[in-house]
1. Return the pairs, sorted by first residue and then second, in which the second residue is assigned to a helix (DSSP H, G or I) and surrounded by fewer than 23 Cβ atoms within 10 Å (Cβ to Cβ), the first residue lies in segment 167-179 and is outside the structural domain of residue 302 (by TED's automatic domain parsing), the beta carbons are less than 7 Å apart, and the residues are 6+ apart or on different chains.
2. Working carefully through the options 149, 186, find the one that is farther than 18 Å from residue 299 by Cα, within 9 Å of the chain's Cα centre (by Cα) and not aromatic (Phe, Trp, Tyr).
3. Within the bounds of segment 10-27, is there any residue that is β-branched (Val, Ile, Thr), within 20 Å of residue 113 (Cα to Cα) and in a strand (DSSP E or B)?
4. Given the criterion in contact with a Cys (Cβ under 6 Å, 6 or more places away or on another chain) and either at pLDDT 95 or above or not basic (Lys, Arg) (or both), identify the matching residue among 205, 198, 236, 215.
5. Condition check: in contact with a strand residue (DSSP E or B) (Cβ under 7 Å, 6 or more places away or on another chain), closer than 17 Å to residue 294 by Cα and not hydrophobic (A, V, I, L, M, F, W, C). Does residue 193 satisfy that?
6. Quick check on residue 317: is it closer than 25 Å to residue 198 by Cβ and touching a strand residue (DSSP E or B) at 6+ places or on another chain (Cβ under 8 Å)?
Amino acid sequence: MSRVRVLVVDDSATMRSLISAVLRRDPEIDVVGTAEDPLDARSKIKELNPDVITLDVEMPNMNGLEFLEKIMRLRPMPVVMVSTLTQAGTDVTLAALEIGAVDAVAKPAVGMPASEAFADLADKVKSAARARVRPLEPRAVHAHQGGYQVDPNHILAIGSSTGGVEALLTIISAFPENCPATVITQHMPATFTRSFSARLDKMSAANVSEAVDGAILKPGHVYVAPGGAYHLTVTAGRCRLIESDPVNGHRPSVDVLFESVARLSRPMTGVILTGMGRDGARGLLSMRNAGARTFGQDEASCVVYGMPKAAFDLGGVERQLPLNRMAPAILESCAAHGAKMTVA
């Protein structure tokens, strides 16, 4: 198997050296070059034809977001963003993931060893190399007409990882204000989930927020698992944040969320979206065995067809759907019994 060819783009010579050193420790990665700004990177891309780019957010001549937009429009390729942990850096990185960056990693905080800060960088780069990257296109607006009636007892649980920012924005932005009570676990660092929740809230008619312990699940509300320290579970109609070890290498874990929903005695729907690995496969099967309707994103529309494939192979997925058909199918599944669907 050929090694993943990486171009490192950062205006800091120190950071270029650190990122290159971390990546070169992995025998499956070949750092083919570095660039100090987007203009330099543009010529290096043509010359070196890398498989993956690591891209700084803040750079001279053209910031990383503007450069990413040009890449995704003119020559789509896998990009891993490298961001500071500032609020501004977080917001820009989320915008980059929405545009089409495959993943993001945080720069080391003051006093933090680079090896610790970039501990998962090599894995993210190798995962990005296998991602399906498409040209940047305007997001379709799904009109939801009035008259949708949700089953007030229905619980919707969604799990996602790599590529999930774009997928969740597509789905949640199509939800009406009286959407089903929805819980989401998206693999994402703690510094990003609050900003991501705010972004979803701004783009949706529903009320979207980061989940807090004890929050009552209500129609019209979407609860996003906070990253890092807790697993999101559902017990007795409330969100519960559980402090325990990572599951499948993740905290929060999709499996933990799905398994908790499967134990509820109420109507439920489970959805697994694009992502690397197997997290959520076992939990979605538990939900299906408990009587839930279950959906998996299809291979063609996934950035990484890992989690949905694992769930499908295990028997947890009842129906596979492309991303652009997922929201209507979810809303139909969660509609009040006998209610006429009017969601386009």
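1. If the second residue must be assigned to a helix (DSSP H, G or I) and surrounded by fewer than 23 Cβ atoms within 10 Å (Cβ to Cβ), no pairs are left.
2. Just a single option satisfies the conditions, and that option is 186.
3. The initial filter retains those residues of segment 10-27 that are β-branched (Val, Ile, Thr), namely 14, 19, 22.
Checking which are within 20 Å of residue 113 (Cα to Cα) leaves us with 14, 19, 22.
Within this subset, residues satisfying the condition of being in a strand (DSSP E or B) are none.
Looking through segment 10-27, none of the residues is β-branched (Val, Ile, Thr), within 20 Å of residue 113 (Cα to Cα) and in a strand (DSSP E or B).
4. Testing whether each residue is in contact with a Cys (Cβ under 6 Å, 6 or more places away or on another chain) and either at pLDDT 95 or above or not basic (Lys, Arg) (or both) leaves just 215.
5. Values: in contact with a strand residue (DSSP E or B) (Cβ under 7 Å, 6 or more places away or on another chain): yes; closer than 17 Å to residue 294 by Cα: no; not hydrophobic (A, V, I, L, M, F, W, C): yes.
No: the conditions fail for residue 193.
6. no
Results for (1) at pLDDT 95 or above; (2) surrounded by fewer than 20 Cβ atoms within 10 Å (Cβ to Cβ); (3) closer than 17 Å to residue 129 by Cβ, shown as yes or no for each residue.
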{"position": "4", "(1), (2), (3)": "yes, no, yes"}
{"position": "14", "(1), (2), (3)": "no, yes, no"}
{"position": "36", "(1), (2), (3)": "no, yes, no"}
{"position": "67", "(1), (2), (3)": "no, no, no"}
{"position": "79", "(1), (2), (3)": "yes, no, yes"}
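The values are calculated or read from the model by the stated rules, or taken from the named source; none is laboratory data. Keep in mind that what you see is a predicted model, and the values were worked out from it rather than measured. Here Cβ is always computed from backbone atoms with ideal geometry, including for glycine, and neighbour counts include all displayed protein chains.
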